[in-house]
Amino acid sequence: MNNHRASTSVALLAAVLVLGGCKEESAPEYPGAGDDRTLQKLRQEVDRVNQGGRATQGPEATRGDPNANLAGLAAGLNVPAERTWELPASNDTVRLDSLSVKLTGLESSHSVKGSGKVSVTSEDLFFRVQLMTHNVGSTPMTLDLDGAKLVGSGAQSYAVARDAQAVAGTRPLRRTWAPDERTEVVLLFELPSEALRDDGLHLLLQGSGGDARIPLK
């Protein structure tokens, strides 16, 4: 997932520069100066669009610019709409130690937004998995869901996107459930769009007494 994190970092930088409206001082040429010019052009494009201009569409807008698509997403240009995915037909409740877990929602998008103007953007997709949890035991239960993974029919797996999780302001993944407590849990993963076409895609949750698998397709 290193490449995903790297793309996210670039998008965050672009979003900060665009949304902050900061101006760059002139500077001598140095390795990587082309990236600065790219971001400057993107800021100018956003300003132009905000003033009523039409977003540039042709191949000339991105030719020779490997970061243009990602930074364009971060700037809010041509961002695909969020998608809600249908829950699987066999959406059974599973047990993770004394925790009962039920899948309640699936969504995907290129950006995760937090409070104010804070957001994280990726050329891949952020996949939002919403769960309802219920401690059916008679004693408190502590569990760390940070080790949750999305696993496909092959060997590829995707860990929790901690940066997106933090930006979204979701509940801490390590927590304690009181007896009979019901709590909604949201897990965010970053993965390529083709992974969501895998009919074997499932959520893997790890507990002290064994793992639980929840089919997503």
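The values are calculated or read from the model by the stated rules, or taken from the named source; none is laboratory data. The structure displayed is predicted, hence computed values, not measured ones. Don't worry about glycine lacking a Cβ; one is built from the backbone with ideal geometry, like all the others, and counts go over all protein chains shown. Just the protein is used for accessible areas: all its heavy atoms, side chains included, with ligands, DNA and RNA removed. Shrake-Rupley method; radii C 1.70, N 1.55, O 1.52, S 1.80 Å.
If you go through the range 167-182 and pick out every residue that is open to solvent by 20 Å² or more (accessible area, probe 1.4 Å) and in contact (Cβ under 8 Å) with a residue 40 or more places away in the chain, you end up with 8.
The residue that is surrounded by the most Cβ atoms within 10 Å (Cβ to Cβ), counting only those in the range 134-151 that are among the small types (Gly, Ala, Ser) and at pLDDT 95 or above, is ALA148. Residues in the range 183-210 that are at negative phi and exposed (fewer than 13 other Cβ atoms within 10 Å of the Cβ): GLU184, GLU194, ARG197, ASP199, GLY200, SER208, GLY209. Note on the range 167-182: residues that are among the small types (Gly, Ala, Ser), within 24 Å of PHE127 (Cβ to Cβ) and assigned to a loop (DSSP other than H, G, I, E, B) total 1.
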